[in-house]
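First comes the structure, then the notes that go with it.
What follows is calculated from the coordinates using simple rules that are stated; it is not laboratory data. Model, not experiment: these values are computed from the prediction. Here Cβ is always computed from backbone atoms with ideal geometry, including for glycine, and neighbour counts include all displayed protein chains.
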Amino acid sequence: MEVYQPVCHQESNMNYFSPCFAGCKEALVSDQGSGLLTFHNCSCASSSPSNIVTSGLCQHDCNRFPMYITLIAISNTIASLSRTGDTLITLR
């Protein structure tokens with residue numbers, strides 16, 4: 001059974017379940033005092049120039065989410081306008 005230890009490939013912004021799932025062969029602790037663990041020679045991240053992943057999840061920007069909610073609300077409102085008339089005709 002695998003232990004959930006998410007790692008992030010920064011260049012592709014891709015998360016992996018664990019360093020093992022990313023195919024990493026080496027682990028190094030960052031010497032900058034942050035204690036950040038980096039994993040090297042990761043076969044699943046080898047499609048890009050850097051095949052290094054870091055511990056933790058990648059940060060995703062959700063800057064389009066408010067626009068998505070607004071468009072869904074407007075389209076649902078427009079779609080429901082015709083349903084009100086259909087319901088009134090059916091009830092009469």
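For this structure, a couple of remarks:
- Scanning the chain for cysteines with no neighbouring cysteine C-beta under 4.7 angstrom from their C-beta gives 20, 44, 62.
- Full extension of the segment from residue 2 to residue 15, taken as 0.36 nm per residue of separation minus the current Cα-Cα distance, would add 3.1 nm.
- Helical mean residue ellipticity (222 nm; -39500 (n - 2.57) per DSSP H run of 4+; nearest 500) of the chain: -10500 deg cm²/dmol
- Candidates 21, 65, 39, ranked by Gaussian network fluctuation over the chain, Cα under 10 Å, top entry: 65
- Prolate/oblate/rounded label for the chain (Cα gyration tensor, a/c 1.5): prolate
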